[in-house]
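I have placed the structure first, in the form of structure tokens, so that the comments after it can refer back to it.
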Amino acid sequence: ARFAAWSGLTVNLNKCAYTALSEGRQGSDELPLPFSTDLNQSSHTNPVCVPWLSPSASYRYLGIELTATLSWQSDITDCLATATNKFNAIVAAPYSYLQKL
């Protein structure tokens, strides 16, 4: 609360989720946590529920898909799909092989 007051920053809790690992294992599903959109107020005033995110579920942070379990599989899958689509578009283009390079 003091940091929010000092910095003038607000937190968009609609873009937030919480997750946890229990001794290296995935935790069980949890209930949403109530927070206040204004960090200077109590969570009982105008609460916004922050949803639970499974540790194996990915979330995008600065353009990279991350998980609490440190799995890169979803980001690798997305990257390969994008590369495959671009490769197929280049192959299908009506240009010579030299122009495609």
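Every read-out reported here was derived from the displayed coordinates using simple, explicitly stated rules and does not represent laboratory data. No experiment lies behind these values; they were computed from the predicted model shown. Cβ sites come from the backbone with ideal geometry, for glycine too, and all protein chains shown count toward neighbours.
What are the residue pairs meeting all of these: first residue in the range 75-97, first residue closer than 23 Å to residue 65 by Cβ, second residue surrounded by 10 or more Cβ atoms within 10 Å (Cβ to Cβ) and not hydrophobic (A, V, I, L, M, F, W, C), Cβ atoms under 6 Å, and 6 or more apart or on different chains?
Listed pairs, sorted by first residue: 75/65.
Could you check how many residues of the range 52-65 are out of contact with any helix residue (DSSP H, G or I) (no Cβ under 8 Å at 6 or more places or on another chain) and surrounded by 13 or more Cβ atoms within 10 Å (Cβ to Cβ)? Before you say what the answer is, go through the steps one by one.
First, the residues of the range 52-65 that are out of contact with any helix residue (DSSP H, G or I) (no Cβ under 8 Å at 6 or more places or on another chain): 52-57, 59-63.
Narrowing the set further to residues that are surrounded by 13 or more Cβ atoms within 10 Å (Cβ to Cβ) leaves 52-57, 59.
Total satisfying the criteria: 7.
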